[in-house]
Amino acid sequence: MKPRLVVIGNGMAPGRALETLFEAAPDAYEVIIFNAEPRVNYNRIMLSPVLSGEQSFDDIIIHGDGWYEEHNITLHRGARVTQIDREAKTVTSAAGITESYDKLIIATGSNPFIIPCPGHKLHGVLAYRDLDDVEKMIEFSNKENSSAVVIGGGLLGLEAAAGLKMQGMDVTVLHLMPTLMERQLDPSAGYLLEKELSSRGIKIMTKANTKEIVGTDCVEAVLLEDGTRLKADMVVMAVGIRPSVELAKEAGLDTGRGIQVSSNMQTSDPDIYSVGECVEFEGNVYGLVAPLYEQARVLGMHLAGEADHAFAHSETSTKLKVTGVDLFSAGDFAEGENREEIVFRDAARGIYKRLVLEEDRLIGAVLYGETADGAWFFQKIKEGAPIASEDRENLIFGQSFSGAAPLDPTAAVAALPDDAEICGCNGVSKGKIVSAIEKEGLKDLAGVRSCTKASASCGTCTGLVESLLAYTLGDEFGGTKVTVCGCTDLGPGDVRRLIVAKELKSIPAIMQELGWKTSGGCAKCRPALNYYLIATWPGEYVDDQQSRFINERVHANIQKDGTYSVVPRAWGGLTTSKELRAIADVVDKFEIPTVKYTGGQRIDLLGVKKDDLPAVWKDLNNAGMVSGHAYAKGLRTVKTCVGTDWCRFGTQDSTGLGVKLEKLMWGSWSPAKVKLAVSGCPRNCAESTCKDIGVVCVDSGYELHFGGAAGMHIQGTQILCKVETEEEAIEYCAALLQAYREQGWYLERIYKWADRVGYDTIRSMIADDEEGRKAFYQRFLHSQQFAQDDPWAQRASQGVDAHEFAPLTLEPAE
Amino acid sequence: MPHDTAVIDWIDLCAIEDIPLQGSRRAIIRGREIGLFRTMASEVYAIDNACPHKKGPLTEGIVHDCSVTCPLHNWVFDLKSGEATGPDEGRVQTHAVEIRDGRVFIQIEG
């Protein structure tokens, strides 16, 4: 009979301890786990991306069902242990499940601290600890115009606030101290963080003391000491955690703030161990994942019979997981005697860096806005080696300026010592990652994650791990950093910004000024640059045909056999007998093999020979038809229903609005295709809610939607706002299109752009900021002056690009 | 038709300006479809105008450096050798080209 190892708790720390144990001594124990939550082990650090909607629960599972089966683990789900009998060596759950143990691990974690103010038991007061909390929060956020108050401006509170804001809630953060995250940040960095979060529409109130949560059954408002009253449908308490010690205390184990353990994680009963947030070691309790994983490793090795591992208190570093906020802190950065500081500020770019030195040693670092050197500074803090006076001058500029290492990130990781910690969460060193890449033949990030755990928890060291892959594998590493293409290290955002900042007005100018690595670019970057230039300099930049994909060069869609398809515009999906007759004649005259209705309410002529294109267009032009741009990264169709003209349910003239939108927007180029629809009532017959931009007419006006997709990726739209008049609907839609044209990356649909910059950012740009919206609209109208020239007419009658359509022909020699 | 002393005819096809810079031109020579490509450096290359993968018309692709990317499935061919580059394997027939006094002469092989 194998000894029985019983584990109370199924969180990240005991999960990691078991992994270590199974690796060092497989089959040593029969393992039984009690889990108070009804689910498998998941990555609690990643609850914030689940809350914000950036990831799903499945993305953050650490151990799926298969893992428990593979290791023959008995997992009691939804079973809260209520009693430990140390005499009989058994544990018993609330529902009466009893298991005996030879060794016991208590991993009960922590409980959120709930401020016992009046009203703290009302429905709608939540903690932020597990998936149940997240699910409840998302439920609240789904109600229209709902608002949340988050009490606590620390790591957890701010992540919760950012997530709820992304879910569309109105969010206020209450923080007792004068600046945010005062335990991890100094006041300057706290100020920058406050400014950034405020600019995202999160209200921050510091020195805010909660007096009462008001409501009868459910939360209605929060009342502060100074009399301020804040409307709230939900209150999230994120002021701190307390180790959960009750069970251990009742069993008579030594407890203080937490369950007291020795350096090998043994409690005062040698057969009982403890690990995780419930533990107290040398007076310290821990809430960050790195030291908890270290405890787990020590415990796992100890259970496997390797006793020479000991847990020791060490420095920790912090990163905030809010998309788009770069923030790093480590060590001790309080001011004090004998301490000196080095500060760097770049107000324009929102960068702040501060290093604290004591007796020539680096003891603390706070970085905001630019955190690439975080790991390097953290290493210096842990090493505690004296900083030479000649190095001090450049220390703040980080690794690239200390010594000869250039700015290249690969060179930067190359310069790190082997024991430099890369992944703080999992305590993985550079040496371990490099040897895993070499020995296991790893080729990508996923391989490194599954083999070493590096970057598998919070993910903020992903860049460093990729640099290590590039450093170890050289050219073999494909890379995952988003760049325009292999011709440059710059990303699309940088390129767009630099085109404007440096007033670059041609493709060669971009390549020269931005240091392109190839002389003439490639098939990936040239179309992108051509688009960025068209969108940035309307009327000035001359379209480069040779940088266009064939469809946009010849204004038709290439088919598998080299023939083309031709789709004339049908404004709002309308047509006439004259147009239909002309189409029928063209089909007969040019022997076009297939005629088909598209999904966008138009007619597609398939199988047109390239040489015939100009003549086909000429006939269509003569009947008043123009290019439908069915081939373009630009406006495609505006799908409509019949609206008030015919439909007994129609609330507005949806067809008319569709035609107006199409007449306004046709010919505009955009980062990717743009499809619109206008539905006359919420029955939504034009399927507006899966379009890039959609309008749903209602009795009182127009609901504007955006960010839908129905291709490889399917997703419904989100609401931009509601407007009352048709003029407003047109202005808002055009302003939205222009914002996308100016900010989107090439080939990025509106939904992807919105995912990247945030749906709320877009709402505040278009719906809330009237001046900004009108400026977007004016810029769109300006740009359209140069865009609305039918490309078919230019080629059919004006001889544009004639060389495209006429091959050079030499007859067979006689 | 002008002749050279070579066994195969040199054919005077067009002026160099008839092919757009960093662009291409289809030519049908004695019933055979040839693609002419002019690079940024104004060098001219000729290859058979069909990708070995799915017969994509290479003249419809984007010309970059000394290569062209097929418009159908993005295979990239080196214009000098006719070899597919990157992960794909395949080759298109190349044809000799000479520029004389601004005119493009071509020798059709095989």
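The values are calculated or read from the model by the stated rules, or taken from the named source; none is laboratory data. Predicted model only: the values in this text are computed from it and were never measured. Here Cβ is always computed from backbone atoms with ideal geometry, including for glycine, and neighbour counts include all displayed protein chains. Only protein heavy atoms, including side chains, enter the accessible area calculation; ligands, DNA and RNA are left aside. Shrake-Rupley method; radii C 1.70, N 1.55, O 1.52, S 1.80 Å.
See the values below:
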read-out	value
Rounded to 5, the percent of DSSP beta bridges in the protein assembly as shown classed as antiparallel	70 percent
Rounded, prolate or oblate (a/c below 1.5 giving rounded, otherwise prolate when a/b exceeds b/c) for segment A:561-639 by Cα gyration tensor	oblate
C-alpha center-to-center spacing [segment A:182-198, segment A:437-458] in angstrom	34 Å
Calculated P(r) of segment A:115-259 - Cα pairs past 26 Å, %	28 percent
Qualifying aspartates and glutamates (Cα of each under 12 Å from Cα of residue A:596; at least 8 residues distant if same chain)	A:604
Unit charges on C-beta of K, R, D, E only; dipole of chain A, Debye	1960 debye
Surface accessible to a 1.4 Å probe, residue A:129 within the full protein complex, Å²	50 Å²
For chain B, with +1 on Lys and Arg beta carbons and -1 on Asp and Glu, the positive-most of B:85, B:57, B:20 along the dipole	B:57
Antiparallel %, DSSP beta bridges [both residues in segment A:635-785], to 5	60 percent
With Cα atoms, 0 to 90° folded angle of helix A:12-24 axis to chain A main axis	80 degrees
Listed residues A:532, A:508, A:493: farthest to the positive end of the dipole of segment A:492-548 (Cβ charges)	A:493
Positive-end extreme of charge dipole, segment A:112-242 - chosen from A:119, A:134, A:204 (charges on Cβ)	A:204
Which of A:451, A:525 is most accessible, then next, and so on - probe 1.4 Å	A:451, A:525
Helix-only CD estimate at 222 nm, as mean residue ellipticity for chain A, using -39500 (n - 2.57) per DSSP H run (n ≥ 4)	-9500 deg cm²/dmol
Segment A:78-173 - convex hull of the alpha-carbon atoms, volume per residue in Å³	143 Å³
Under 13 Å from the Cα of residue A:203 - aspartates and glutamates, other chains or at least 8 residues apart	A:170, A:194
Flagged links, alpha-carbon separation over 24 Å, of A:618/A:691; A:430/A:453; A:380/A:443; A:165/A:231; A:675/A:774; A:143/A:639	A:618/A:691; A:380/A:443; A:143/A:639
Charged-residue dipole, Cβ positions (Lys, Arg, Asp, Glu), segment A:551-623 about Cα centre, Debye nearest 20	160 debye
Heavy atoms of residue A:199: accessible area, 1.4 Å probe, square angstrom to 10	90 Å²
Aspartates and glutamates with Cα under 13 Å of residue A:524, excluding same-chain neighbours fewer than 8 positions away	B:65
Solvent-accessible surface ranking, highest first, for A:690, B:70 at 1.4 angstrom	A:690, B:70
Degrees, to the nearest 10: A:577-589 long Cα axis against longest axis of chain A	80 degrees
Accessible area of residue A:371 in the full protein assembly, 1.4 Å probe (Å², nearest 10)	20 Å²
Listed residues B:92, A:125 arranged by accessible area, highest first, probe 1.4 Å	A:125, B:92
